[in-house]
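This report refers to the structure that appears directly beneath it.
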Amino acid sequence: CMTSTERTKKSQAMQGDRSDKIRTYNYKSGVITDHRYKVEVSGISDYFTDPDCFMELHRRVSSMWQLQKLSDIAEEISKSQGQSSNSKSSSKKKKVPTATLR
């Protein structure tokens, strides 16, 4: 019997197969690909020698992560407002500000 902590750890762990890869370094093509956010950058040798190049990859991945989190939050808000508008106690639907992600 597993404890709740053990179940949580197991659910967060990767399965160990190739589909779990986070980032691929393709030396032949000179490309680094972050598979979580579909970010691809060229000039692989520069990323290991120039800190500015590495930071650029980090900034791009961080930006994609932030967009994903904002999208998740907006979806949660939308769902919760949909549920509250279906209840009898809520007579007015609140407006949610929206933004276009580019």
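Values as computed for the structure displayed
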read-out	value
Exposure rank, largest accessible area first [54, 48; 1.4 Å]	48, 54
For residue 39, solvent-accessible area (1.4 Å; no DNA, RNA or ligand), Å²	10
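The values are calculated or read from the model by the stated rules, or taken from the named source; none is laboratory data. Everything numeric in this text was worked out from a predicted model, so none of it was measured. Accessible surface is based on the protein model in full, side chains and every heavy atom, while ligands, DNA and RNA are left aside. Shrake-Rupley method; radii C 1.70, N 1.55, O 1.52, S 1.80 Å.
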